[in-house]
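Coordinate-derived values only; no laboratory data. Since the structure is predicted, the reported quantities are computational estimates derived from the model, not experimental observations. No Cβ is skipped: glycine too gets one built from the backbone with ideal geometry, and neighbour counts run over all protein chains shown.
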Amino acid sequence: MSKSFGVAVGVVALAACLGLAGCNSQGGVGEMSSGETAGTGIGAVGGGLLGYAIGGGPAGVIIGMAAGGLIGNRIGNGLDGNAQTAAGNAAAQAAESNVGTVVTWRKTDALWQTEAQGTATPKGGFFTDSSGRTCRYVYETVIQNSQQTDDTVKLCKGSSGWVAG
């Protein structure tokens with residue numbers, strides 16, 4: 001194994017360790033969603049390997065990782081869906097959480113500008129509705145276009161997960 005390849009493997013391993021060290025309530029790192037985190041990681045690894053194949057040295061690896069990470073992040077963001085999907089995922093996660101747990105979410109555009117953000121917090125315990133479904137109330141806050149909307153929704157567990165009841 002060449003010294004350059006060893007450096008490349010070390011950089012990739014370090015990046016993976018740092019990525020796993022700081023997960024947030026969305027399953028991502030920092031303020032990124034899990035899709036953005038996965039896209040960044042996969043893009044950085046792929047870009048680093050491509051950079052090594054083209055440049056053969058640490059500079060090629062680092063440049064490839066940076067470019068691959070940026071491209072992967074934006075692809076992951078696009079595949080995550082829209083703000084409504086992000087809010088729905090946060091509400092479903094909150095429905096499974098302990099009372100008082102605040103689940104945050106944020107959706108960015110292609111230039112990393114926040115399009116919308118919000119929180120979901122479970123209220124009270126689980127209950128059974130008249131249809132026999134397990135349900136729970138979740139308090140949601142959404143900020144979009146500088147306007148805040150607050151609402152309490154009833155979510156019930158269905159065959160495909162938590163749905164509005």
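Annotations
- The orientation-averaged projected area of the convex hull spanned by the Cα atoms of region 77-165 comes to 6.0 nm².
- Exposure proxy for Leu155, Leu49: other Cβ atoms within 10 Å of each Cβ, ordered fewest to most, give Leu49, Leu155.
- Under 5 Å, built H, 5+ apart or other chain: amide partners of Thr108: Glu115
- Applying 1/(1 + (r/R0)^6) with R0 = 25 Å to the Cβ-Cβ distance of Asp129 and Val99 gives a FRET efficiency near 0.85.
- Comparing Cα centroids, region 110-165 and region 36-62 end up 38 angstrom apart.
- Take every pair of alpha-carbon atoms less than 8 Å apart whose residues are at least six positions apart; their mean separation over the length of region 83-164 yields a relative contact order of 24 percent.
- Extending 7 Å from the Cα toward the beta-carbon at both Thr114 and Ser160 defines two label points whose distance is 3.1 nm.
- Cβ crowding within 10 Å averaged over residues, with 158-164, 100-106, 147-153 ranked highest first: 100-106, 158-164, 147-153
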